[in-house]
Amino acid sequence: MKSGVTFLVFFSLLISQYAQAESLVVYSGRKDKFIKPVVAAFTKETGIKVLLHSGSSTSLLNKLKLEGKNSQADLYISNDAGNLEKGKEMNLFLPVSADIAKVIPQKLRASDNSWIGLSARARVLVVNTNDKSVDFVKSVFDLVDPRLKGKLAITHSGNGSYIAGVTVYMESVGKKKTREWLAGMKINVDGKVFNKHSKIVKAVAKGKRSVGLVNHYYIYRHLKKYPKAPIKIVLPDQGKKDIGIAWNVAGIAMTKYSKNKKAAERFVAFVTSEKGQYLFANVNKEYPAREGIAAAAEVPKAGSYKVAPVAMQVLGQQRNATLDLIESVGMP
Amino acid sequence: MAHSFISVEKIKTRAPSLRGFLALLVVLAAAVPLLFVLFSSGQLSLQQWLNLWSNRLPELLWNTLSLAVFVAIGSMILGVSAAWWITRREFPGRRIAIWLMVLPLTIPTYVFAHIYTIMLEEEGWLGQLWLTAFPGTAIPEIFNIFGVTLVLVLAGFSYVFLLVRDALSRSQQDVEEAARIHGATPWQVFWRVNLPMLRPAIAAGIALVVLHVLSDFGAVSMLRYQTFTLSIYLQMSSRFDFQAAAGLSLVLVTLSLTFMVLERFFRNRQRYYGSGKSKKIAARKATYFEIIGIWFWLGLIAIFAFILPIAWMLSWSWQAWQQDLIDAEFWGYVSNSLTVSALAATLTVIAALPVALYHARERSAVSQGFLYLSNVGFVLPGPVIALGILSFVIAVMPSIYGGMAVLALAMMVRFLPLSIQAQEAAVQQLTPSIEQAARSLGANWYENLRRVILPIIKGGMATAWVLVFIDTLKELPATLLLRPTGFDTLPVRIWIEASEEMLELAAPASLMLVVGTLPVLWFLMREKSGK
């Protein structure tokens with residue numbers, strides 16, 4: 001009798017489906033602490049429950065592709081436009097209706113609305129204010145100057161934001177120049193790359209390094225914790241002939257085989273609404289993708305500086321080419 | 001009389017075929033990832049192979065093999081020295097020392113990697129210590145081969161320790177005495193007598209460590225050291241290039257198999273026989289000088305391999321506790337981990353049974369072949385097993401996808417070899433005559449299984465269950481891909497929190513893994529000393 005019960009429990013566990021049918025399943029590559037407040041606000045407003053499945057953006061996309069029509073996911077959120085465009089290329093998404101998509105500027109979403117950008121970040125320089133010898137740095141291409149040997153801080157080349165940035169530079173100035181640029185940086189980092197952007201900012205603040213290439217919000221995150229840290233933001237490549245700053249967006253897509261399309265579209269409508277946009281972007285001091293929603297006050301105003309005119313879709317289309325380029329230089 | 005004759009005949013013809021069929025099913029399931037690798041890499045063109053060969057392989061081979069050699073040497077130094085002192089000297093706290101050398105097994109490699117990364121930062125415990133001791137110098141970097149070696153040695157040397165300790169406590173006194181009588185110094189005795197006799201145990205220990213190095217995913221990906229396993233994972237998940245991943249896997253499998261064959265070959269050639277009568281060596285009482293030396297060395301190992309990591313976990317868990325972060329959600333991860341580990345252990349033990357029974361009864365080329373095939377979990381890295389199982393389930397039986405069954409199946413494939421090994425010894429005690437006796441007394445197959453077979457092999461099954469339970473509890477790569485939607489286990493949370501630098505949450509999860517493995521380790525150690 002006892003063994004019969006054990007047997008039943010064992011098999012019911014084996015065949016059980018953990019996800020409940022009525023809740024919306026979101027594959028999220030965004031940090032839990034940034035996406036959870038958004039999800040909570042959505043559930044509060046609509047009463048629709050959300051089941052969050054967190055992981056890295058790329059491995060979740062991989063999972064989505066492998067699962068095909070058996071996927072339980074209704075929505076996919078990625079921190080990187082490259083992944084979103086890759087998903088579109090692999091035909092994993094379902095376009096969002098134009099009514100919802102139109103509030104987001106065209107260059108921040110897929111051509112067919114199969115993904116929608118939600119928040120943007122800028123690749124900028126963080127500079128130590130005590131080191132006057134690096135004042136000459138006005139462009140990312142100045143980072144290869146021999147005067148910066150041992151003073152430059154960048155992330156390792158597996159970082160998604162870093163890869164997306166390289167794609168933008170490659171599109172703007174060509175492969176040859178980008179390869180030389182990478183090779184020059186490889187010399188200047190002097191054998192040490194950083195595994196987190198936050199550590200770059202920390203190293204610059206402590207004077208271990210003088211210049212770092214980071215996403216803008218890491219600077220403000222550090223300044224919030226240490227308001228007196230001797231660091232400042234430098235917006236690179238703003239001259240007339242310069243390429244402008246590389247942007248990247250985090251965004252959302254509805255999955256092709258969602259069994260909950262209505263609720264999924266409501267979620268997209270929520271995160272692109274004024275309230276949702278403010279919430280989604282400002283928890284991380286990013287730029288809301290929707291025009292007219294203010295970013296955090298301390299962040300340089302969107303539109304006040306030049307952005308490289310590379311469509312976000314290109315970040316996906318050219319990703320493998322970028323990876324090849326980075327590998328051919330042997331960046332650590 | 002005639003009745004019993006018929007029964008015996010029946011067993012001979014029918015029972016093995018049922019077992020054979022069940023064994024075949026299990027082995028087929030275990031071979032799925034390998035078939036997937038063969039199939040996908042078969043689609044690579046010659047040109048793609050050449051590209052892989054010239055672009056990726058030299059570096060990967062060099063990285064992986066040099067790491068394996070470093071880790072093998074490191075584990076040997078720590079494992080053999082610790083085992084030697086502990087078996088040959090009687091000193092205060094010897095039992096504690098044994099435990100301290102085994103406890104690191106409760107900490108997975110990715111937790112070691114995470115903790116050492118944090119501790120070696122400027123504000124970290126070791127970073128601060130370093131800067132006080134050597135002001136103005138740079139803290140040693142962990143993101144290189146030495147860092148990875150450190151982590152994998154600390155996480156793996158206990159295997160060498162356990163096997164060598166076993167061998168040393170069985171080794172006999174007369175050979176050593178003969179050497180001493182002929183004027184050998186203690187050092188010479190160690191090099192020329194003990195070490196050669198220990199070679200089989202050391203080889204087995206190192207084989208275990210090296211196989212772990214080849215298939216490690218957690219530490220190498222946290223420390224970004226490109227081995228085969230990490231590169232395969234990156235090919236899959238950042239380039240979506242499954243064929244290249246399969247090609248690299250095939251090379252890795254070949255490498256692991258070569259290594260296993262070589263190890264077996266050397267072990268078979270190195271056999272030493274002692275006469276049964278001679279005395280076992282008794283541990284000598286240590287001098288004061290020796291006690292200080294022993295505890296200095298063992299203490300040093302224990303500090304880095306267990307005490308520091310556990311202190312770190314406790315300290316950050318305390319902070320999490322004070323911030324009320326240990327909530328219902330956290331206990332949910334704990335219960336998820338326990339559920340999936342218990343489920344996988346049960347499934348794996350049941351699946352291993354027909355394979356072990358079939359081989360014990362048949363001893364044929366076919367049953368031997370089954371045994372070899374069931375070893376897939378040893379040689380394929382976790383991400384590839386997960387990928388193979390996922391593709392297979394989706395193509396063949398999509399209805400079970402999304403539940404726990406897929407995850408349990410992948411764990412079964414990964415840990416089947418472990419389970420079969422643990423059960424094989426017990427199964428060998430099961431002679432055909434016992435079963436025939438049961439049958440002739442009128443027992444049907446179910447009664448036979450329940451009242452004859454199971455009681456005899458119960459011990460072996462329990463050990464197997466425990467081993468699979470521990471390994472599933474710590475398993476990371478396959479769980480990451482195959483866990484049911486929203487189903488987070490402790491390793492998954494450690495992985496996520498570590499990438500978000502949420503130390504407060506990675507610590508209690510790691511601590512729960514250690515706590516969860518402890519009773520199991522205690523059970524195993526008791527089994528060992530009971531023998």
- Hits in the stretch B:160-187 - residues which are of a type in the set (S, T, N, Q) and over 26 Å from B:Met101 (Cβ atoms): B:Thr185
- Message: With of a type in the set (D, E, K, R), within 12 Å of chain B (Cβ to nearest Cβ), over 18 Å from A:Gln277 (Cα atoms) and more than 18 Å from the chain's Cα centre (by Cα) as the only criterion, which of A:Asp74, A:Asp112 stands out?
- Response: A:Asp74
- Query: Here are B:Ala155, B:Ala113: which of them is within 14 Å of chain A (Cβ to nearest Cβ), part of a helix (DSSP H, G or I) and closer than 26 Å to B:Val466 by Cα?
  - Reply: B:Ala113
- Message: Name the single residue that is nearest to the other protein chains (Cβ to nearest Cβ) among those in the stretch A:145-183 being of a type in the set (A, V, I, L, M, F, W, C) and over 17 Å from the mean Cα position of the chain (by Cα).
- Response: A:Ala153
- Query: Across the stretch A:47-63, which residue is nearest to A:Asp112 (Cα to Cα) among those that are assigned to a helix (DSSP H, G or I) and more than 7 Å from chain B (Cβ to nearest Cβ)?
  - Reply: A:Leu61
- Task: Evaluate the stretch B:373-390: report whether one residue or more is part of a helix (DSSP H, G or I) and either without any contact (Cβ under 8 Å) to a residue 60 or more places away in the chain or not assigned by TED's automatic domain parsing to the domain that holds B:Phe415 (or both).
- Result: no
- Message: I'd like to verify a number: residues in the stretch B:333-369 that are small (Gly, Ala, Ser), in a helix (DSSP H, G or I) and either touching a Gly at 6+ places or on another chain (Cβ under 9 Å) or exposed (fewer than 14 other Cβ atoms within 10 Å of the Cβ) (or both), how many?
- Response: 7
- Condition test on A:Lys285, is it part of a helix (DSSP H, G or I) and either among the charged types (D, E, K, R) or without any contact (Cβ under 8 Å) to a residue 60 or more places away in the chain (or both)? no
- Message: On the basis of being within 11 Å of another protein chain (Cβ to nearest Cβ) and of a type in the set (Val, Ile, Thr), does B:Thr339 make the cut?
- Response: yes
- For the stretch B:290-331, how many residues are free of Cβ contacts under 8 Å to residues at least 40 places away in the same chain and within 14 Å of chain A (Cβ to nearest Cβ)? 2
- Can we say B:Val520 is touching a helix residue (DSSP H, G or I) at 6+ places or on another chain (Cβ under 6 Å), more than 13 Å from chain A (Cβ to nearest Cβ) and part of a helix (DSSP H, G or I)? yes
- Message: Of all residues being within 14 Å of chain A (Cβ to nearest Cβ) and touching a Phe, Trp or Tyr at 6+ places or on another chain (Cβ under 7 Å) in the stretch B:361-386, which is farthest from B:Thr346 (Cα to Cα)? Just the residue, please.
- Response: B:Pro383
- Checked A:Asp74, A:Asp99, A:Asp112 against criteria (in contact with a Lys or Arg (Cβ under 9 Å, 6 or more places away or on another chain) and farther than 30 Å from B:Thr479 by Cα); the one match is A:Asp112
- Note on the structure: Checking B:Val26, B:Val8, B:Val71, B:Val32 in turn, the sole residue that is among the β-branched types (Val, Ile, Thr), farther than 23 Å from B:Phe259 by Cα and modelled with pLDDT of 90 or more turns out to be B:Val26
- Note on the structure: Of the candidates B:Trp49, B:Trp53, B:Trp84, the one satisfying the condition of being at pLDDT below 95 and over 30 Å from B:Leu390 (Cα atoms) is B:Trp84
- Message: Quick test for you: out of B:Val349, B:Val355, pick the one residue that is aliphatic (A, V, I, L, M), in the same structural domain as B:Ile457 (by TED's automatic domain parsing) and more than 20 Å from the chain's Cα centre (by Cα).
- Response: B:Val355
- Has the stretch B:104-111 got any residue that is β-branched (Val, Ile, Thr), more than 24 Å from A:Ser157 (Cα to Cα) and surrounded by fewer than 19 Cβ atoms within 10 Å (Cβ to Cβ)? no
- If you check every pair at least six apart or on different chains, which have Cβ atoms under 6 Å apart with a residue in the stretch B:510-528 that is more than 21 Å from B:Ser317 (Cβ to Cβ) first and a residue that is modelled with pLDDT of 80 or more second? B:Phe523/B:Val466
- Message: Here are the criteria: (1) within 21 Å of B:Leu476 (Cα to Cα); (2) without any contact (Cβ under 8 Å) to a residue 60 or more places away in the chain; (3) within 23 Å of the chain's Cα centre (by Cα). Tell me which single one B:Leu409 does not satisfy.
- Response: (2)
- Message: Can you tell me which condition A:Lys44 does not meet? The list is (1) more than 10 Å from chain B (Cβ to nearest Cβ); (2) closer than 28 Å to A:Thr167 by Cα; (3) of a type in the set (D, E, K, R), and all the others hold.
- Response: (2)
- Candidate set: the stretch A:103-160, residues that are part of a loop (DSSP other than H, G, I, E, B) and among the aromatic types (Phe, Trp, Tyr); chosen: the one farthest from A:Ile231 (Cα to Cα): A:Trp115
- Note on the structure: Checking B:Ile394, B:Ile400 in turn, the sole residue that is free of Cβ contacts under 8 Å to residues at least 12 places away in the same chain, touching a Gly at 6+ places or on another chain (Cβ under 8 Å) and not aromatic (Phe, Trp, Tyr) turns out to be B:Ile394
- Please state which one of A:Lys186, A:Lys206, A:Lys225, A:Lys192 is under 24 Å from B:Met222 (Cα atoms) and within 14 Å of another protein chain (Cβ to nearest Cβ). A:Lys192
- Task: Considering only the stretch B:427-515, give the helices (runs of 4 or more DSSP H) lying wholly within it that have at least 2 residues that are polar (S, T, N, Q) and touching a helix residue (DSSP H, G or I) at 6+ places or on another chain (Cβ under 6 Å).
- Result: B:432-440, B:454-474
- Query: Within the stretch A:266-321, how many residues are within 14 Å of chain B (Cβ to nearest Cβ) and more than 25 Å from A:Met90 (Cβ to Cβ)?
  - Reply: 2
- Task: Working only within the stretch B:463-499, note down all residues that are basic (Lys, Arg) and more than 10 Å from chain A (Cβ to nearest Cβ).
- Result: B:Lys474
- Residue check for B:Val466: among the aliphatic types (A, V, I, L, M), under 22 Å from the mean Cα position of the chain (by Cα) and within 30 Å of B:Gln323 (Cβ to Cβ): no
- Could you please tell me which pairs satisfy a Cβ distance under 8 Å, a separation of 6+ or placement on different chains, a first residue in the stretch B:184-195 that is more than 15 Å from B:Ser81 (Cβ to Cβ), and a second residue that is among the β-branched types (Val, Ile, Thr) and assigned to a helix (DSSP H, G or I)? B:Ala184/B:Val193; B:Val193/B:Val175
- Query: Out of curiosity, is A:Leu66 buried (at least 23 other Cβ atoms within 10 Å of the Cβ), part of a helix (DSSP H, G or I) and not polar (S, T, N, Q)?
  - Reply: no
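The values are calculated or read from the model by the stated rules, or taken from the named source; none is laboratory data. Predicted model only: the values in this text are computed from it and were never measured. Note: ideal-geometry Cβ built from the backbone for every residue, glycine included; neighbour counts use all protein chains shown.
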